[in-house]
Structures are given as structure tokens and as C-alpha cells.
Amino acid sequence: MRAFIIRRIGQSILVCLGVAVVTFLLLRLAHDPVYVLLPPESTKEEIETLRKAMGFDRPLPVQFAFFVGRLLQGDFGNSFVMAQPASALIWERMPATLELSFAGMAIALAVAIPLGVLAAFRRNTLIDTFCTSFAVSGQAMPIFWLGIMLIIVFAVQLKVLPVSGSGSLLHLVLPAVTLALNLAPIIMRLTRSRMLDVLNQDYIRTARSKGVVERTVLFRHALRNAAISVVTIIGLQFGRLMGGAVVTETVFAWPGVATLVVSSIYNADFPVVQAATFYLAIFIVAANTLADIAVAWLDPRISRG
């Protein structure tokens with residue numbers, strides 16, 4: 001198990017470095033920030049002066065070597081637009097993004113897993129049909145449309161929740177529910193599918209024949225084995241959750257990293273985009289690594305393999 005954990009951590013470090021490198025190259029192919037920062041009537045001399053001051057007159061390999069050297073120190077430079085350290089700007093907003101993501105994940109798990117177990121236990125009944133319909137509807141709704149509908153119903157019509165912004169738990173409800181309703185259907189459908197497979201296994205029939213209470217059969221025996229696939233998909237969906245936060249934060253004016261990144265992309269603010277991409281990649285890779293370790297703990301054959 002220890003060797004498995006060390007190997008996964010090593011792979012995670014390589015992935016994060018790869019993300020930083022790809023982001024560096026793609027940004028330089030997509031934008032020239034000099035033309036974004038200067039007004040259209042700027043002279044050629046002014047353009048060349050700013051390009052030299054920002055270091056964009058150097059060959060790309062030299063820029064890349066300088067970037068990697070600072071990356072290893074956790075320094076992404078200063079924002080071109082706000083003239084502040086990019087890392088500081090990201091960490092100032094990161095708590096809000098993580099708060100929203102973890103709240104959305106918690107709500108999704110609280111809804112999806114019980115519904116998945118219930119749908120499998122009541123297979124081909126009205127309850128199963130309701131749960132399956134919920135899953136299909138949740139996956140079919142675009143996340144931006146869902147957020148707008150929730151605002152219209154609960155903030156504009158019923159006036160029980162704030163429209164946007166942050167500052168209290170009430171402000172967190174609508175954006176977190178939006179993320180959860182977009183994520184829960186996948187987890188629910190997988191939980192139902194895996195539970196149906198497990199409930200047909202011989203050891204489940206043996207446990208029932210011995211008179212084990214049905215609740216114990218479902219949650220102690222069946223759900224533990226079904227959880228292997230569920231934990232895996234949770235780790236994989238964490239990246240989708242962070243991606244969904246981009247749209248959700250924009251719709252609800254949530255002061256997280258995503259809104260800062262969107263404005264930085266429009267302004268070709270390389271340092272901020274690079275820092276945000278790298279730090280978000282760390283959290284996504286960490287979530288996948290923890291999911292792999294949890295799966296290996298649930299099924300030791302994986303770590304031995």
C-alpha cells in the first residue's frame with residue numbers, strides 16, 4: 001500500500017508540472033498581451049518598449065526556462081492588469097471556490113447515494129422510475145439554465161434566498177444546489193447500477209438466507225463493494241465540479257477563482273491564468289489521488305496489482 005501511495009503521488013506531481021507547461025505554451029500561442037494592454041493608437045516604439053519590459057522579446061525557450069525556475073519557487077509573477085502577485089490574487093479567491101465546490105459535492109452525495117441505493121432496492125417500481133427520471137433530467141439541464149431558473153423561482157418569485165453574491169450561508173445555497181443537481185445524476189445512476197450488480201451476488205443471497213437484517217445487507221455488505229466504483233467516479237467528477245464552478249460563479253456573481261480567470265483570459269493576463277490553472281490542477285489531481293487511495297483501501301487487490 002505504501003508503494004502504491006508513493007507511486008500515485010509521484011504521478012500527480014508530474015501531471016501538475018505537465019499542466020503548467022501546456023498552459024504556458026497555449027497562452028503564448030493564443031494571445032499577445034502587449035496589444036491588449038496598450039491602446040490601439042500606440043506607436044511601434046511603445047509596443048516594443050512594453051514587450052521588452054515584460055520579457056516577451058526573449059526567445060520562447062528562454063521565457064520557458066525563466067517560467068519553470070519561478071514555478072519551482074511558487075512565483076508566477078505579477079498580474080499585468082492589477083500589478084499584484086498572481087499567486088496572492090488566486091489564494092485570495094480560492095477559499096470561495098473551494099467552499100462552493102465542497103458544498104456542491106456534499107449535497108450531491110447526500111442526494112445521489114441514498115437515491116441510488118433506494119432505486120436499486122426498489123427496482124422496476126414507481127420509486128425506481130422517479131429516481132431514474134431525476135437522473136436523466138439533471139443530466140439534460142444545462143448548468144447555466146438551471147442556475148437562472150433557481151434564481152427566478154427562489155430569489156425573484158419566492159424571495160427566500162439572495163439573488164447573487166456572498167457573505168452568508170444563504171448566499172451559498174443556490175450556487176451549491178446548482179452544482180449538486182448537475183453532478184448528482186451521474187453518481188446516482190452509477191450507484192444504482194453497481195448496487196444492482198452487487199445485490200445479485202452469492203454472498204448477498206447467503207447473508208439474506210442467514211436472516212441478516214435487510215438494512216445491514218444493503219449498507220454494510222452491498223454498498224461497501226459498490227462504493228469502489230462510486231469513489232472512483234467521485235474523484236473523476238471533482239474536475240467537472242471545478243469546471244462547473246466557472247459557469248456557476250459567473251451566474252451567481254460568486255467571488256471565486258473562476259470569475260477572476262475569465263476576466264484574466266479576456267485581458268491576456270498570463271500570470272493570473274497560469275497560477276489559477278496550476279493551483280486548480282493541484283486540487284483536482286489531489287482529489288483523484290485521494291480517490292485512488294480510498295479505492296485501494298476498499299479493495300487491497302488494486303494496490304497489490
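The values are calculated or read from the model by the stated rules, or taken from the named source; none is laboratory data. None of the values given here were measured: they were computed from a predicted structure. Counting neighbours? That spans all protein chains shown, and the Cβs are built from the backbone with ideal geometry, glycine included.
Below, the figures for the structure above:
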{"read-out": "Index of the failed condition, ASN124 passing every other in (1) without any contact (Cβ under 8 Å) to a residue 24 or more places away in the chain; (2) surrounded by 12 or more Cβ atoms within 10 Å (Cβ to Cβ)", "value": "(2)"}
{"read-out": "Residue tally, condition outside any loop (DSSP other than H, G, I, E, B), β-branched (Val, Ile, Thr) and surrounded by 14 or more Cβ atoms within 10 Å (Cβ to Cβ), over region 149-167", "value": "1"}
{"read-out": "Contacts under 9 angstrom Cβ, first residue in region 219-233 being β-branched (Val, Ile, Thr), partner outside any helix (DSSP H, G or I), 6 or more apart", "value": "ILE228/ASP299"}
{"read-out": "Any hit, region 237-245, residues being farther than 30 Å from VAL285 by Cβ and either modelled with pLDDT of 80 or more or part of a helix (DSSP H, G or I) (or both)", "value": "no"}
{"read-out": "From the options ARG58, ARG93, residue that is more than 15 Å from PHE270 (Cβ to Cβ) and either within 24 Å of the chain's Cα centre (by Cα) or not hydrophobic (A, V, I, L, M, F, W, C) (or both)", "value": "ARG93"}
{"read-out": "Residue ID - modelled with the highest pLDDT, chosen from residues in region 33-64 that are outside any helix (DSSP H, G or I) and surrounded by 12 or more Cβ atoms within 10 Å (Cβ to Cβ)", "value": "ARG58"}
{"read-out": "Residue, farthest from THR259 (Cα to Cα), within region 169-216, restricted to residues that are crowded, with 23+ Cβ neighbours inside 10 Å and hydroxyl-bearing (Ser, Thr, Tyr)", "value": "THR191"}
{"read-out": "Positions within region 65-115 being surrounded by 15 or more Cβ atoms within 10 Å (Cβ to Cβ) and touching a strand residue (DSSP E or B) at 6+ places or on another chain (Cβ under 7 Å), in sequence order", "value": "ASN78, PRO85, ALA86"}
{"read-out": "Condition met for VAL230 (at pLDDT 75 or above, surrounded by 17 or more Cβ atoms within 10 Å (Cβ to Cβ) and in a helix (DSSP H, G or I))", "value": "yes"}
{"read-out": "Restricting region 259-288 to residues that are more than 17 Å from ASN78 (Cα to Cα) and of a type in the set (S, T, N, Q), the residue that is farthest from the chain's Cα centre (by Cα)", "value": "THR259"}
{"read-out": "Residue list for region 234-267, filter: of a type in the set (A, V, I, L, M), buried (at least 19 other Cβ atoms within 10 Å of the Cβ) and touching a residue at least 24 places away in the same chain (Cβ under 8 Å)", "value": "ILE234, LEU241, MET242, ALA245, VAL247, VAL251, VAL257, ALA258, LEU260"}
{"read-out": "Criterion violated by ALA120 - all others in (1) farther than 30 Å from GLN201 by Cβ; (2) of a type in the set (A, V, I, L, M); (3) part of a helix (DSSP H, G or I) satisfied", "value": "(1)"}
{"read-out": "When residues of region 168-178 are limited to those that are under 15 Å from ALA253 (Cβ atoms) and part of a helix (DSSP H, G or I), the one farthest from the chain's Cα centre (by Cα)", "value": "LEU170"}
{"read-out": "Selected residue [on the phi > 0 side of the Ramachandran plot and not hydrophobic (A, V, I, L, M, F, W, C)] from GLY69, GLY55", "value": "GLY55"}
{"read-out": "Hey, ARG192 under 21 Å from PRO114 (Cα atoms), in contact with a Cys (Cβ under 9 Å, 6 or more places away or on another chain) and in a helix (DSSP H, G or I) or not", "value": "yes"}
